[in-house]
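Peer 1: Structure provided below as structure tokens; questions to follow.
The values are calculated or read from the model by the stated rules, or taken from the named source; none is laboratory data. Computed from a predicted model, the values in this text were never measured in an experiment. All Cβ positions, even for glycine, are placed from backbone atoms using ideal geometry, and neighbour counts span all protein chains on display. Please note that ligands, DNA and RNA were not included when accessible areas were found on the heavy atoms of the full protein model with its side chains. Shrake-Rupley method; radii C 1.70, N 1.55, O 1.52, S 1.80 Å.
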Amino acid sequence: MTLLAFETSCDETSAAVVRKGRVLASVVSSQIRVHAEYGGVVPELAAREHLRNLMPVTQAALREAKVRPEQLEAVAATQGPGLPSALMVGFKAAQAMAFVLRKPFLGIHHHKAHLYSPWIVDDPPRADFESFQPNIALIVSGGHTMLVFVEAELKHRTLGSTLDDAAGECFDKVGKLIGLAYPAGPEIDRLAEQGNAAAFDFPRPMLNEPNDDFSFSGLKTSVKYFLRDRPELLRDDQRLRDLCASVQAAIVEVLVAKTIRAAKRLGVNCITASGGVTCNRALRLDLAAACQREGFKLRLAEKSLCTDNAAMIGILAERKLARREGLISLDAEVEPGWVLG
Ligand code: KG4
Ligand code: ZN
């Protein structure tokens, strides 16, 4: 089976070719520079950029995979959740392609694809579902922060999610307060490396609440008031690094503690993580240390697969197709508010 997949739910235009669990090519064009000027993703601009980039990205993926369109046996695209106009670009193009090629078309749930991306390993990447274990999956990015119980392959239940800002959004908003460009997560990560995480004590929102939900907007607000009272801190490079490290520590501690607690409660042996914030070095290290201490197997998505990409869409689509699941009609619509059940 050779399948072409598209991902355009937010600000990454991506196309991938997969065959028998192997990623033959995955091309991602990031729009970060386009949106940085505005301090966040502008939906209308995102859609326009997807329109501009989709064909070159698709051609590059097919060329790299050495696959001609007529060799494709199925086409898949992210159906939701995401920005409506952005989703539509990849989804409608995929439907048109499936129509012309007379091949099956699959609509994929973006978060479900994140759930299985930690099972994509090696270089060139391939799906390693042979070692699949029931797990607690942390999906943590600019748009989502959630804990999911993955009971079996393609069977899962959402345990909790953020009540307000996502963890990545918190990184980005704190970055904005200290004058960093969007998206600020990677830069805070870098600055935090040389900072003292114990320098300032920020709240650990919902750390001790008996549920699997998160909330990060209060943390952002406390940084805002903290800086209002100490504006001079912004001019001191070392104190700024300390601030980044301290905020990062608060976010990471909540994510790690609640993930471990859910895994213990549900009696699984495995924890996985994916989404842009999973690139964060402190999160990767602390999650690994906690899993080692508590006896959990940890599977972190490869950094290139943490952020949005069509490879994870294609791998899941192929898996679903093998079970004749996920097939939808060529006049189906995008589902911008699709919730993970
Ligand atoms: O998954 P993603 O590319 O897009 C979605 O939001 O779906 O995630 C982007 C988010 C941004 O908020 C960005 O600041 C954050 O992930 N991020 C990081 C790091 N790399 C990306 N946050 C903290 N540390 C990082 N190293
Ligand atoms: Zn995502």
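Peer 1: Taking a virtual spin label 7 Å from the Cα of Leu234 along the C-beta vector, which residues in segment 37-52 bring their backbone nitrogen under 17 Å of it?
Peer 2: Correct set: 39.
Peer 1: Next up: Rounded to the nearest Å, what's the spacing between the alpha carbon centres of segment 292-341 and segment 130-174? Just the number, please.
Peer 2: Taking the Cα centre of segment 130-174 as reference, the centre of segment 292-341 is 12 Å away.
Peer 1: What is the antiparallel percent of DSSP beta bridges lying wholly in the chain, to the nearest 5?
Peer 2: Values: 30 of 49 bridges.
Here the share of antiparallel DSSP bridges comes out near 60 percent.
Peer 1: On the protein heavy atoms, probe 1.4 angstrom, tell me the percent of accessible surface of the chain carried by carbon and sulfur. List each step's numbers first, then the result.
Peer 2: Details: 7500 of 14620 Å².
On the chain, the fraction of accessible area on carbon and sulfur atoms equals 51 percent.
Peer 1: I'd like to know which of Leu255, Val268, Gln238 lies farthest towards the positive end of the charge dipole of segment 208-300, counting +1 on Cβ of Lys and Arg and -1 on Cβ of Asp and Glu.
Peer 2: Of the listed residues, the answer is Val268.
Peer 1: Could you work out how far apart the two model spin labels at Asp164 and Leu285 are, taking each label as a point 7 Å from the Cα in the direction of the beta carbon, and quote it in nm?
Peer 2: Output for this residue pair reads 2.9 nm.
Peer 1: Let me ask you something else. Working from Cα positions, state the angle (0 to 90°, nearest 10) between the long axis of helix 237-266 and the longest principal axis of the chain.
Peer 2: Around 60 degrees separate the two axes.
Peer 1: Hull surface divided by four, with the convex hull built on the Cα atoms of the chain: how many nm²? Could the numbers behind the result be given before it?
Peer 2: On the way: hull surface 65.5 nm².
It is 16.4 nm².
Peer 1: Something else now. Could you tell me the calculated FRET efficiency between Arg324 and Val121, based on Cβ-Cβ distance and R0 = 25 angstrom, to the nearest 0.05?
Peer 2: Numbers: r = 26 Å, r/R0 = 1.04.
Efficiency computed from Cβ-Cβ geometry: 0.45.
Peer 1: Further, regarding this structure: Compute the long axis of helix 43-65 from its Cα atoms, compare it with the longest principal axis of the Cα atoms of the chain, and write down the angle in degrees, 0 to 90, nearest 10.
Peer 2: That works out to roughly 60 degrees.
Peer 1: While we're here: Let me have the 222 nm mean residue ellipticity of the chain computed from DSSP H runs of 4+ only, each contributing -39500 (n - 2.57), with the sum over all residues rounded to the nearest 500.
Peer 2: On the way: 11 runs with 146 residues, N = 341.
Calculated from helices alone, the mean residue ellipticity at 222 nm is -13500 deg cm²/dmol.
Peer 1: If you don't mind, another one. Compute the acute angle (0 to 90°) between the alpha-carbon long axis of helix 310-322 and the principal axis of greatest extent of the alpha-carbon atoms of the chain; round to the nearest 10°.
Peer 2: Approximately 50 degrees, to the nearest ten.
Peer 1: Kindly flag which residue pairs out of Lys20/Lys92; Lys220/Lys320; Lys155/Lys264 have an alpha-carbon separation exceeding 31 Å in this structure.
Peer 2: Numbers: Lys20/Lys92 25 Å; Lys220/Lys320 39 Å; Lys155/Lys264 19 Å.
Beyond 31 Å between Cα atoms: Lys220/Lys320.
Peer 1: Under unit Cβ charges (Lys, Arg +1; Asp, Glu -1), what dipole magnitude, rounded to 20 debye, does segment 35-129 have relative to its Cα centre? Walk me through the numbers before you get to the answer.
Peer 2: Working: 10 positive and 9 negative charges, 78 e Å.
Rounded to the nearest 20 debye, it is 380 debye.
Peer 1: Applying a 10 Å radius around every beta-carbon, put 62-72, 44-54 in order of their mean neighbour count, most first. Intermediate results must be reported in sequence, preceding the final value.
Peer 2: Numbers: 62-72: 15.0, 44-54: 19.2.
Highest mean packing first, the order is 44-54, 62-72.
Peer 1: Peptides 261-267, 161-167: what's the order by average Cβ count within 10 Å, highest mean first?
Peer 2: 161-167, 261-267
Peer 1: Where the only charges are on Cβ atoms (+1 Lys, Arg; -1 Asp, Glu), what is the dipole of segment 127-258 about its Cα centre, to the nearest 20 debye?
Peer 2: Here segment 127-258 has a charge dipole of around 460 debye.
Peer 1: Mind checking the dipole of the chain: about its Cα centre, +1 per Lys or Arg Cβ, -1 per Asp or Glu Cβ, Debye to the nearest 20?
Peer 2: Value, rounded to 20: 680 debye.
Peer 1: Compare the peptides 319-325, 231-237 by average per-residue count of other Cβ atoms within 10 angstrom and give them in order, highest first. Write down the numbers at each step before the final one.
Peer 2: Details: 319-325: 13.6, 231-237: 11.0.
Final packing ranking: 319-325, 231-237.
Peer 1: Using 7 Å Cα-to-Cβ label points, what is the Phe132/Arg265 separation (nm, one decimal)?
Peer 2: 2.5
Peer 1: For Phe132, what accessible area in Å² do you get when you roll a 1.4 Å probe over the heavy atoms of the protein chains, rounding to the nearest 10?
Peer 2: Here the residue's solvent-accessible area equals roughly 40 Å².
Peer 1: Provide the per residue accessible area, probe 1.4 Å, for the chain, rounded to a whole number of square angstrom. All intermediate terms of the calculation are to be shown ahead of the outcome.
Peer 2: Details: 14620 Å² over 341 residues.
For the chain, the solvent-accessible area averages 43 Å² per residue.
Peer 1: Pop the C-beta distance of Met55 and Glu294 into the FRET formula with R0 = 45 Å and round what comes out to the nearest 0.05.
Peer 2: Details: r = 48 Å, r/R0 = 1.06.
With R0 = 45 Å, the Cβ-Cβ based efficiency is 0.40.
Peer 1: Give, as a single signed number, the net charge of other residues whose beta carbon lies under 13 Å from the beta carbon of Ser215, with Lys and Arg counted +1 and Asp and Glu -1. Don't jump to the answer; show the numbers that get you there.
Peer 2: Working: positive: Arg204, Lys220, Lys258; negative: Asp164, Asp165, Glu169, Glu209, Asp212, Asp213.
That works out to -3.
Peer 1: Determine how many Å³ per residue the convex hull of the Cα atoms of segment 80-162 encloses. The partial results should precede the final answer.
Peer 2: Values: hull volume 11.0 nm³, N = 83.
Convex hull of Cα atoms, per residue: 132 Å³.
Peer 1: Under a crude label model (7 Å from the Cα following the beta-carbon direction), how far is Ser217 from Gln71 in nanometres?
Peer 2: Placing both labels 7 Å beyond Cα along the Cβ direction yields 5.0 nm.
Peer 1: Compute the Kirkwood hydrodynamic radius of segment 140-257, taking the inverse of the mean of 1/r over all pairs of distinct Cα atoms, and give it in Å to one decimal. Could the numbers behind the result be given before it?
Peer 2: Details: mean 1/r = 0.0678 Å⁻¹.
One over the average 1/r among Cα pairs gives 14.7 Å for segment 140-257.
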